[in-house]
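Quick notes on the structure that follows.
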Amino acid sequence: MKAEEFMREKGISIGDYVRIIKEEEGEEVEYRGIVMPPYELSEGDTIVIKLDNGYNIGIALKKIKIIEVLEKAKAKPEVHFKAELEPKEGLPNVTILGTGGTIASRIDYETGAVYPAFTAEELAKAVPEIFEIANVKPKLLFNIFSEDMKPKHWVKIAHEVANSLNSGDYGVVVAHGTDTMGYTAAALSFMLRDLTKPVILVGAQRSSDRPSSDAAMNLICAVKMATSEVAEVMVVMHGETGDTYCLAHRGTKVRKMHTSRRDAFRSINDIPIAKIWSNGRVEFLRQDYRRRGDGEVWVDDKLEEKVALVKIYPGISSEIIDFFVDKGYKGIVIEGTGLGHTPNDMIPAIKRAVEEGVAVCMTSQCLYGRVNMNVYATGRRLLKAGVIPCEDMLPETAYVKLMWVLGHTQDLKEVREMMLKNYAGEITPYTKPNTYLI
Ligand code: GLU
């Protein structure tokens with residue numbers, strides 16, 4: 001059953017405060033929260049509620065045993081949204097593309113109304129500071145949890161970003177759920193070619209209706225960075241738990257490292273590009289970034305979707321590799337142990353994968369440091385089997401990159417060359433000591 005029909009049947013409206021009893025592995029679990037507008041899930045068979053702690057969760061309709069309204073939503077006030085605010089002369093144009101996640105919605109607790117925080121007026125009311133930095137044009141592309149992002153969403157975002165930049169925007173901000181923001185940042189880093197302007201991904205760990213929200217400051221810093229001289233794809237999020245500064249991370253080197261802290265995003269094996277202080281001052285932490293320039297960006301969106309990311313663990317069966325080969329996968333990124341290992345008894349399956357034309361790439365589940373497969377016999381055996389060692393690339397970045405590379409060639413020699421070529425700062429030439437746990 002679809003969420004809309006379900007809600008109609010049960011007399012539930014968006015903004016109602018509800019109690020849900022859900023069946024979870026044979027046990028009954030209770031949730032209370034405010035019903036949010038449905039996210040664009042592929043099946044539409046989920047109801048989204050904002051819990052008292054501020055998190056949004058989706059609950060599958062078929063698992064709901066009881067749902068009851070504890071408090072009806074108060075009548076929505078009439079809100080007239082202007083399409084755009086008057087542009088201010090002399091300010092650069094920045095488009096904010098909304099894709100969903102916590103940053104994209106807020107609740108007015110006085111009225112119980114749920115707003116997508118994505119009209120110009122809503123943003124102006126919530127974060128007026130951004131309109132002092134740029135003429136901001138918000139555009140809602142879609143409204144999904146980032147765990148529901150698919151490669152087709154990356155492609156759509158890439159084309160929208162390119163259209164905005166090529167029609168005169170000074171920079172673009174993409175508001176995104178935080179969980180898979182690193183993947184989208186990597187995908188945009190590879191797909192947006194000849195980038196001459198900044199592209200910033202931004203999200204929020206706490207929604208904007210909560211006093212501890214990071215949404216406003218992240219957005220201000222993101223818009224500020226979108227008007228900077230850095231022509232790269234970056235993620236801008238809180239740099240520490242307070243409200244002192246945000247960090248701009250290179251899109252291929254960034255990872256969500258905490259489930260809930262406001263400073264969850266860290267650069268791995270690299271230092272961030274800049275600190276954006278709450279007063280708007282941008283302090284560059286390095287000078288080796290791509291500079292703003294002229295010329296149009298273009299989208300190289302060829303992706304091979306039959307790629308898998310496999311984590312190695314003690315006791316893993318080589319059947320997992322066989323499964324992907326038998327299913328016609330073209331690439332497998334392994335998140336190996338330590339310097340880039342798998343159990344010895346997995347090597348024949350990996351060898352077979354390579355012989356059948358599957359590109360097998362090695363990264364490390366240590367995340368920090370780089371793979372070195374020449375130290376131990378296992379590593380050397382894996383190299384001999386044809387595994388491509390991915391230097392200090394993040395496993396998620398290597399996964400996205402392999403999709404992109406295989407979209408261009410499936411010749412294993414060329415795949416190797418492209419995987420080891422640095423396209424968007426995804427490989428650092430050597431591991432610097434000051435890039436660990438910063
Ligand atoms: N898990 C959801 C997402 O990543 C909501 C949390 C968030 O926006 O950070 O889209």
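So if I take the centroid of the Cα atoms in segment 212-239 and the same for segment 363-389, what is the distance between those two points in Å? Rounded to whole Å, the Cα centres lie 36 Å apart.
A straight Cα-to-Cα reach below 17 Å connects Lys63 with the lysines Lys2, Lys10, Lys22, residues fewer than 8 places away in its own chain not being considered. Placing +1 on the Cβ of every Lys and Arg and -1 on the Cβ of every Asp and Glu, with nothing else charged, gives segment 148-201 a dipole about its Cα centre of roughly 140 debye. Checking the table Lys156/Lys401; Lys351/Lys413; Lys88/Lys156; Lys50/Lys152; Lys253/Lys421; Lys302/Lys401 against a 20 Å threshold on Cα-Cα, which pairs fail? Beyond 20 Å: Lys88/Lys156; Lys50/Lys152. Taking K and R as +1 and D and E as -1, what net charge do the other residues with C-beta under 10 Å from the C-beta of Asn93 add up to? Every neighbour counted, the sum reads 0.
When you filter the trypsin sites (Lys or Arg not before Pro) in segment 382-423 for DSSP loop state and at most 13 other Cβ atoms inside 10 Å of their Cβ, you are left with Lys421.
For GluC sites (Glu not before Pro), the sites in segment 284-332 that DSSP calls loop and that have at most 13 other Cβ atoms within 10 Å are Glu296, Glu305. Among residues other than Val29 with Cβ under 14 Å from its Cβ, the summed charge is -1 (Lys and Arg +1, Asp and Glu -1). Under a GNM of the chain (C-alpha, springs under 10 Å), which listed residue has the highest mean-square fluctuation: Ile334, Ile130, Ile14? It is Ile14. Of the peptides 89-95, 236-242, the ranking by mean beta-carbon count within 10 Å, highest at the top, reads 236-242, 89-95. Ranking Asn135, His153, Val172 by how far each Cα lies toward the positive end of the dipole of segment 131-172 (charges on Cβ) leaves His153 at the top.
Every number here is computed from the coordinates shown, using simple stated rules; none is lab data. From a predicted model like this one, the values you see are computed outputs, not experimental measurements. Cβ sites come from the backbone with ideal geometry, for glycine too, and all protein chains shown count toward neighbours.
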